[in-house]
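The values are calculated or read from the model by the stated rules, or taken from the named source; none is laboratory data. Owing to the predicted nature of the structure, the values given are computational and were not obtained by experimental measurement. Cβ atoms come from the backbone with ideal geometry, glycine included; neighbour counts cover every protein chain shown. These area figures cover heavy atoms from the full protein model, side chains too; ligands, DNA and RNA do not enter into them. Shrake-Rupley method; radii C 1.70, N 1.55, O 1.52, S 1.80 Å.
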Amino acid sequence: MGRLFPVILLGVGALTLPYSVQRVFLDTPIERTMGTVQKIFYFHVPLAWIMMLLAVVCGVAAGIQIRTRSERAEATAIAAAELVLVAGLGVLLTGPIWGHATWGKAWTWDARQVTTGLLWLVFASYVLVRHFGAAGSERLAAALAIFGAVNVPIIYYAVKIWKTTHPDNNVVGSLPPQMWASLWPALGGLLAMTLGLLWARIRLERAEIALDEAWVGVEDAPQEA
Amino acid sequence: MPAVTPLQLRAIGKRFGRLAVLRNVDLTVASGEIVGLIGANGSGKTTLLSIAMGLLPMSDGERWLGGRQVDDISIEQRAAMAFVTHTTQLYARLTARENMELWLSLRQAADASVGEIEPVLRRLGLGDAIDRTVGTFSRGMMQRLCLARALAGRPELLLLDEPFTSLDPPGRKRLAEVLREEADRGLAVLLSSHDYDAIISVTDRVVLLSGGRLVGEVVRADERGAEGFRDAVLALGRGSTREAAHA
Amino acid sequence: MREAALSTLPRAKNAPMRLPRQAWLLARNDLRQEMREWELVATAGFFTLVVLVMFALAFATLSRDAQVLAVPGMLWLTVAFVGALTLTRIFDRERESDTLRALLAAPVERLAIYLGKALVTLLVLLGCCAILVPGVVLLFPAAAPLAEHPIQTVTLVVLGCLAYTSVGTLFAAGLATSGGKNVLLSVILYPLTTPALIFALVATRALIENHPDFSKYLSQLAALDIVLVGLSGWLFESVLVGTGARRAPTTRRRRG
């Protein structure tokens, strides 16, 4: 079951994503003011949501890890943090493309952009600490992830009030219902892919831990025999 | 004298990823007993002491202090323990008196015991250096100051990691005497060392740690006299005793 | 006779004054060492001066309007630079002869270690701000409102530095005990302290522009301080030593 689950999820993603691409490009009307480039919205927005979700998952898992030293939570935190980087890269690449085409400016220091960018940096530093930190730094990294997750609303709000002192109107207009309807399959596909990858990565991390234990067990064996 | 056992480690295991530093270590230190821990570099001596002191979380096993299983060592319990390591752990910019003052005032509600500093330092031969900056001390003096600091808190359990390193022969003798005096008053001592002569002179029991396992033990009372104990410990150190072979 | 014994049960509220007392003792200990050499204050103060001069050279020709935007940035960037330097130094000092580990083994509240270190860092940062803020006012005419509202400026600087210190101390201490490399401190510190710095930035700009919302921003910064101090205090012990093994050993052996 545990092995099958990510495969099923990835399979669902593999079916849903082409469908959503077809739907987005062929069955959804072209947005009047932004034109074809608006199609990127159907992938950009779900990716951003997924990124935020993963950041929160990582923060919560890190909180559990630091309290109970559960290795399942630790594996989840690592997997989620790495996928935050992947999803974040998607968001940070698609965002400026869209922005450049519609606002004429790739980076406008909008609250959401800055939040995403900083969040990505925080999780990049999490992954760096996990990789290069000495023994015992996993707790430090966990605290980092918790702070990262808590920072999300704070940064968002901070940049928002920062911008209000110098307003900059870049509000994305409200969308007609059929465009929203096309968003859901894309979200579903991407979410299935993400969860599949997350699951597989957690399993990999836990397998690594189990392998370490097995290794130690083998070394112990002669004594017990 | 308390009837409870100050320190009992049961089936302690410690791993850093794939590296098993300690495996299934059982060790008890009774009141008034001085136990020596020997083993090659990397055999897990420092890790074991750190776990006993609560500075490292263990991967497996139980730690019992004063007859009770303890996961998180409380402040009251830490007040009854002391740890002297081979790093000096002193503030080099402060004087011996200031270092001691900080320690004693941290552990007590009032600065009641500050008056006890001088006698303790004098006992360890630091009477002339009380108001000198620790940075000007020799390693041996620092080590004695560390021990003075540890004893000033009147602990029930004293852990020492390589206490004999960088002490001159008279210093070693003095340390051994002080430890024996304290043990006779009920202190439980666990010390690690490479120095067989020092270990033989002071301990009641010696255990050998190898590859993270306890592989042998020599008890002074079981041997015939000081010479017998000495030979048994040296044999244990060479890893060729009956116990080691058995394990 | 003994004030504590191995067999004592941990008592919940036996020493309510212990935490502030120990925190103060530890901070005083750091200050005492500092007064022997003035190393931290001298290096951090001089570094502040250097950064200030660099900023002056780089931005002296800015128009007044541009200065309004640039001054808050200079102020808080300098705080971030000096803060990273100070935190590194403060914990290096505890690492030199492993005194931090001695403190962890001693009967000291872990939170007291955090509070003591945070207090010293805060004092050093505030000392640097005492050079920095007048310097900025002197060099950039647009920063004059900072001098005209001294009480607001001081409150803002204290709250901003506190926000930085609360996060910084936690991670600097964590790195110091994990035996990690100090390079990682910058990697962690800059992204994590950004929200605090942005808040301080917003409030500073409001102060310079005489914006009516300044007091609102200031109280938000204070709220952020509370959140950051609370979160750091809550995490400090776990980051430093890790919690005990709660898992039963038998379940572990079954898998191995």
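Taking amide hydrogens as placed 1.01 Å from N in the peptide plane, the amide H of B:T85 sits under 5 Å from those of B:D161, each at least 5 positions away in sequence or on another chain.
Could you size up the charge dipole of segment C:40-116 around its Cα centre, putting +1 on the beta carbon of Lys and Arg and -1 on that of Asp and Glu, and report it in debye to the nearest 20?
Computed about the Cα centre, the dipole is about 40 debye.
When only Cα pairs under 8 Å and 6 or more residues apart are kept, what is the percent relative contact order across segment A:1-150?
Values: 134 pairs, mean separation 38.9, N = 150.
Reported relative contact order: 26 percent.
For chain B, a Gaussian network of Cα nodes joined below 10 Å ranks B:L37, B:L151, B:L27 by mean-square fluctuation, and the top entry is B:L27. The slack in the chain from C:L138 to C:S63, taken as 0.36 nm per residue of separation less the alpha-carbon distance, amounts to 25.5 nm. Once both axes come from the Cα atoms, what is the angle between helix A:41-68 and the longest principal axis of chain A, in degrees from 0 to 90, rounded to 10? Orientation of helix A:41-68: about 30 degrees from the principal axis. Of the residues B:L145, B:L55, B:L175, the one that moves most in a GNM of chain B with alpha-carbon contacts below 10 Å is B:L55. Mean sequence separation of contacting Cα pairs (under 8 Å, at least six apart), scaled by the length of chain C, corresponds to a relative contact order of 24 percent.
Volume per residue of the convex hull around the Cα atoms, evaluated for the protein assembly as shown, comes out as 172 Å³. Spin-label model, A:L128 to B:A221: label points 7 Å out along the Cα-to-beta-carbon direction sit 5.9 nm apart. Counting only trypsin sites (Lys or Arg not before Pro) that DSSP places in a loop and that have at most 13 other Cβ atoms within 10 Å, the longest clean stretch of chain A runs over A:106-225. Residue pairs exceeding 26 angstrom between C-alpha atoms, taken from A:K105/A:K160; B:K45/C:K117; C:K117/C:K216; A:K39/A:K105: B:K45/C:K117; C:K117/C:K216. Once the 1.4 Å probe is applied to the protein heavy atoms, the protein assembly as shown comes out at 42 Å² accessible per residue. Net charge dipole, segment C:18-240: roughly 340 debye, given to the nearest 20, about the Cα centre with Cβ charges of +1 for Lys and Arg and -1 for Asp and Glu.
Between segment A:28-85 and segment C:129-200, the C-alpha centres lie 30 angstrom from each other. Between segment B:1-49 and segment A:176-205, the C-alpha centres lie 50 angstrom from each other.
Per-residue ellipticity at 222 nm, computed for the protein assembly as shown from helices alone with -39500 (n - 2.57) per DSSP H run of at least four residues, works out to -22000 deg cm²/dmol. Ranking B:V219, C:L224, A:A62 by how far each Cα lies toward the positive end of the dipole of the protein assembly as shown (charges on Cβ) leaves A:A62 at the top.
Which helices, taking whole DSSP H runs in chain C, have alpha carbons extending 24 angstrom or more along the helix axis plus mean Kyte-Doolittle at least 1.6?
Values: long enough: C:18-37 (29 Å, -1.27); C:39-59 (30 Å, 2.24); C:64-96 (48 Å, 0.43); C:110-139 (43 Å, 2.17); C:150-177 (39 Å, 1.46); C:183-208 (35 Å, 1.95); C:214-241 (41 Å, 1.30).
Span-like helices in chain C: C:39-59, C:110-139, C:183-208.
Amide H contacts for B:G61 (H built 1.01 Å from N in the peptide plane; partners 5 or more residues away or on another chain; cut-off under 5 Å): B:G13. Largest GNM mean-square fluctuation across C:L125, C:L77, C:L62, computed for chain C with C-alpha springs under 10 Å, falls on C:L62. With everything on Cα atoms, drop me the angle between helix B:96-107 and the longest principal axis of chain B, reported from 0 to 90° to the nearest 10. The angle comes out near 70 degrees.
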